[in-house]
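Colleague: Take a look at this one; I'll ask things after.
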Amino acid sequence: MAIREILLLGDPGLRRRCGQVKRFGTRELKSIIADLRHTLSNFREQNGFGRGIAAPQIGVTQRVIFIHIDRPSALINPRIMLRHGCKITLWDDCFSFPDLMVKVHRDFAVRVSYQDFHGTKHTLHAEGPLSELLQHEIDHLNGILAIDRAIDSRHIILRSEFLKWRNEKHYAL
Ligand SMILES: [Zn+2]
C-alpha cells in the first residue's frame, strides 16, 4: 500500500474510460483499494476536504471507487441503475483540481449496483451528499469530470475566491 500521486486536470489519464474489474479477491485488487484508501486519507489530512476518490485519479483505469462519508468503503464496478427525486444544486470540488469550485446539478437520489472485494453484488440507495458523491466518482470512471457538468463557465471559480465571496448572491445556492 502506498500514498499515490493524484493525476491533475489536463492529464489524459483522467479522460480514459475505465475497464470492468473481472477478477476478484486478488492481491492486485487489494492493493488498488489500499492505495485509494491511503491516498484519500492523506489528502483529507493535508487539505481538510475529500470524501471520495476514483481509481483513474491514481492512474489505474479500472472501475473502482473508494468513498468515506460515515465509514470507508470500496465499490467495484459501480453503476447507476436509477436516478430519482429532484435535482440538487451544489458547489463541487475534486482532488484533480483542488483549487477550483464548480457549481453543478446532481440527482438527489440514486440507486447504485456494485460489487465488493469478493465479487458479491450489492445495491445501494443513496440520497443527498452520498448520492452526489457517487455521481461524481462514477463519472470519473467514464472520463467525465465535474467541470464538464458545470452549469456554465461562470460557475467554475477559484476556491480562494469562493471562500471570499460565498455569501454573495451570485454564489449562493
Ligand atoms: Zn473528483
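Colleague: For region 32-59, which residues satisfy the criterion of being within 14 Å of the ligand (Cβ to nearest atom) and β-branched (V, I, T)?
Modeller: If the condition is that a residue be within 14 Å of the ligand (Cβ to nearest atom) and β-branched (V, I, T), then T39, I53, I58 are the ones that fit.
Colleague: Within region 91-119, can you find the residues that are surrounded by fewer than 16 Cβ atoms within 10 Å (Cβ to Cβ) and within 16 Å of the ligand (Cβ to nearest atom)?
Modeller: D99
Colleague: So which of R71, R83 ends up being more than 14 Å from the ligand (Cβ to nearest atom), more than 16 Å from the chain's Cα centre (by Cα) and surrounded by fewer than 18 Cβ atoms within 10 Å (Cβ to Cβ)?
Modeller: On the way: R71 fails: more than 16 Å from the chain's Cα centre (by Cα).
Being more than 14 Å from the ligand (Cβ to nearest atom), more than 16 Å from the chain's Cα centre (by Cα) and surrounded by fewer than 18 Cβ atoms within 10 Å (Cβ to Cβ) holds for just one of R71, R83, which is R83.
Colleague: Looking at region 126-143, is at least one residue away from the ligand (no atom under 16 Å from the Cβ), touching a helix residue (DSSP H, G or I) at 6+ places or on another chain (Cβ under 8 Å) and within 30 Å of E28 (Cβ to Cβ)? Please lay out each step first, then the result.
Modeller: Our first condition is that a residue be away from the ligand (no atom under 16 Å from the Cβ); within region 126-143, this holds for 126-128.
Filter once more, so that each one left must be touching a helix residue (DSSP H, G or I) at 6+ places or on another chain (Cβ under 8 Å): 126.
Going one step further and asking which of them are within 30 Å of E28 (Cβ to Cβ), we end up with 126.
Within region 126-143 (the criterion being away from the ligand (no atom under 16 Å from the Cβ), touching a helix residue (DSSP H, G or I) at 6+ places or on another chain (Cβ under 8 Å) and within 30 Å of E28 (Cβ to Cβ)), the answer is yes, since at least one residue qualifies.
Colleague: Can you confirm whether I151 is farther than 27 Å from R4 by Cβ and of a type in the set (A, V, I, L, M)?
Modeller: Details: farther than 27 Å from R4 by Cβ: yes; of a type in the set (A, V, I, L, M): yes.
The answer is yes for I151.
Colleague: Working carefully through the options A126, A146, A150, find the one that is closer than 19 Å to T89 by Cβ, free of Cβ contacts under 8 Å to residues at least 24 places away in the same chain, surrounded by 14 or more Cβ atoms within 10 Å (Cβ to Cβ) and within 21 Å of the chain's Cα centre (by Cα).
Modeller: Details: A146 fails: free of Cβ contacts under 8 Å to residues at least 24 places away in the same chain; A150 fails: free of Cβ contacts under 8 Å to residues at least 24 places away in the same chain.
The conditions single out A126.
A short reminder: the numbers here are calculations on the coordinates, not readings from a lab. Quantities reported herein were computed from a predicted structural model and do not represent experimental measurements. When we count neighbours, we look across all protein chains shown, and the Cβ atoms used for this are built from the backbone with ideal geometry, even at glycine.
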